[in-house]
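K.L.:
Structure provided below as structure tokens; questions to follow.
The values are calculated or read from the model by the stated rules, or taken from the named source; none is laboratory data. Remember, predicted model here, so these are calculated numbers, not experimental data. A quick note on method: Cβ atoms are made from the backbone with ideal geometry, for glycine too, and the neighbour counts reach across all protein chains shown. Quick note on the areas: whole protein, heavy atoms, side chains included, nothing else; ligands and nucleic acids left out. Shrake-Rupley method; radii C 1.70, N 1.55, O 1.52, S 1.80 Å.
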Amino acid sequence: MKYTIDLHTHTIASGHAYSTLIENAKMAFNKGMTIMGVSDHAPKMPGSVTSLYFNNLRVLPEYIEGVRVLKGVELNVLNERGEVDLTLEDMSTLDYGIASLHSPCYDNLGEKGNTLALINAMKNEKVKIIGHPDDSRLPLDLELLVKEAKIHDVLLEVNNSSLSPNSFRKNGRENYLKMLKYCIQHSVPILVGSDAHFASYIGEFSEVILLLESIEFPEELIVNTSESKLFKYL
Ligand SMILES: [Zn+2]
Ligand SMILES: [Zn+2]
């Protein structure tokens with residue numbers, strides 16, 4: 001099984017990432033990836049860019065360094081109503097949004113409130129992916145999240161960075177084991193993301209792959225291995 005798609009990547013525009021789009025695309029090409037999405041942090045993340053940056057992604061060519069580049073954003077979910085920090089108009093030229101909870105932009109509302117925040121974010125027509133639903137510091141009702149992802153046709157991310165030993169997120173492995181079990185039970189697909197903040201991590205999925213193999217997670221529920229599977233969701 002070959003993973004050829006990575007939609008969760010950051011560039012220097014995010015303010016705390018260290019490579020350019022061209023450096024990322026070159027790395028993606030060298031690793032044999034066919035599609036790379038650029039998903040810089042939306043404006044409420046301290047040090048990130050303004051809405052104009054996202055709106056103007058339309059100037060990018062479709063292919064950079066031989067890789068098809070999709071235009072995205074990692075949105076900050078701001079509250080229980082699932083509001084995010086770009087308008088639909090700001091995102092009108094984007095291919096997708098990843099909706100994530102980030103401590104600098106969100107106050108922990110407890111398991112019920114955090115889950116509701118993400119479920120309401122799924123109703124936003126540009127939100128196609130829920131980013132890293134794996135951090136015990138912001139607890140979630142994972143079974144409810146999985147069921148709602150199915151209803152709203154939104155992909156749940158399994159984030160490789162959350163599983164790396166130096167991740168600041170808590171209990172990623174335990175939370176993903178639970179979430180993946182519910183995904184199998186309810187037949188809900190996942191999207192693996194690198195969350196690369198430096199070019200060498202583009203397409204780096206090794207921690208997730210080990211986890212998926214350890215539970216024999218079914219290939220048909222992994223979206224990164226087929227463009228046709230992916231485009232049903234974008
Ligand atoms: Zn994030
Ligand atoms: Zn990210």
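K.L.:
Is there any pair linking a residue in segment 3-30 that is basic (Lys, Arg) to one that is open to solvent by less than 30 Å² (accessible area, probe 1.4 Å) and assigned to a helix (DSSP H, G or I), with Cβ under 9 Å and at least six apart or on different chains, and which?
P.N.:
Sorted first by the residue in segment 3-30, then by its partner, the pairs are 26/199.
K.L.:
Mind checking which pairs have a first residue in segment 33-50 that is among the hydroxyl-bearing types (Ser, Thr, Tyr) and a second that is away from ligand 2 (no atom under 14 Å from the Cβ), Cβ under 8 Å, 6 or more apart or different chains?
P.N.:
As it stands, the answer is 34/4; 34/5; 34/67; 34/68; 34/227; 50/43, since those pairs meet every condition given.
K.L.:
Return the residue satisfying two criteria in turn: it lies in segment 156-183 and is within 16 Å of ligand 2 (Cβ to nearest atom) and either assigned to a loop (DSSP other than H, G, I, E, B) or more than 20 Å from residue 206 (Cα to Cα) (or both), and of such residues it is least open to solvent (accessible area, probe 1.4 Å).
P.N.:
Top of the filtered list is 160.
K.L.:
To continue, here is another question. Six or more apart or on different chains, Cβ atoms under 6 Å: show the pairs whose first residue is in segment 122-148 and farther than 16 Å from residue 80 by Cα and in contact (Cβ under 8 Å) with a residue 60 or more places away in the chain and whose second is part of a helix (DSSP H, G or I) and within 13 Å of ligand 1 (Cβ to nearest atom).
P.N.:
If the second residue must be part of a helix (DSSP H, G or I) and within 13 Å of ligand 1 (Cβ to nearest atom), the pairs left are 132/162.
K.L.:
Let me ask you something else. Out of curiosity, is residue 137 out of contact with any Pro (no Cβ under 8 Å at 6 or more places or on another chain), part of a loop (DSSP other than H, G, I, E, B) and either under 19 Å from residue 158 (Cα atoms) or within 16 Å of ligand 2 (Cβ to nearest atom) (or both)?
P.N.:
Yes; evaluated as a whole, the condition is true for this residue.
K.L.:
Can you name every residue in segment 116-160 that is out of contact with any Gly (no Cβ under 8 Å at 6 or more places or on another chain) and polar (S, T, N, Q)?
P.N.:
Result: 136, single match.
K.L.:
Does residue 182 satisfy the criteria of being of a type in the set (Phe, Trp, Tyr), in contact with a helix residue (DSSP H, G or I) (Cβ under 9 Å, 6 or more places away or on another chain) and more than 19 Å from residue 233 (Cβ to Cβ)?
P.N.:
no
K.L.:
Take residue 229 and decide whether it is away from ligand 1 (no atom under 16 Å from the Cβ), part of a helix (DSSP H, G or I) and closer than 28 Å to residue 69 by Cβ.
P.N.:
Against the criterion (away from ligand 1 (no atom under 16 Å from the Cβ), part of a helix (DSSP H, G or I) and closer than 28 Å to residue 69 by Cβ), residue 229 qualifies.
K.L.:
Please tell me if residue 145 is open to solvent by less than 70 Å² (accessible area, probe 1.4 Å), touching a Pro at 6+ places or on another chain (Cβ under 9 Å) and of a type outside the set (S, T, N, Q).
P.N.:
Criteria met by residue 145.
K.L.:
Here is a further query. Looking only at segment 157-181, which residues are under 23 Å from residue 128 (Cα atoms), touching a residue at least 40 places away in the same chain (Cβ under 8 Å) and among the polar types (S, T, N, Q)?
P.N.:
Hits for segment 157-181 are 159, 160, 161, 175.
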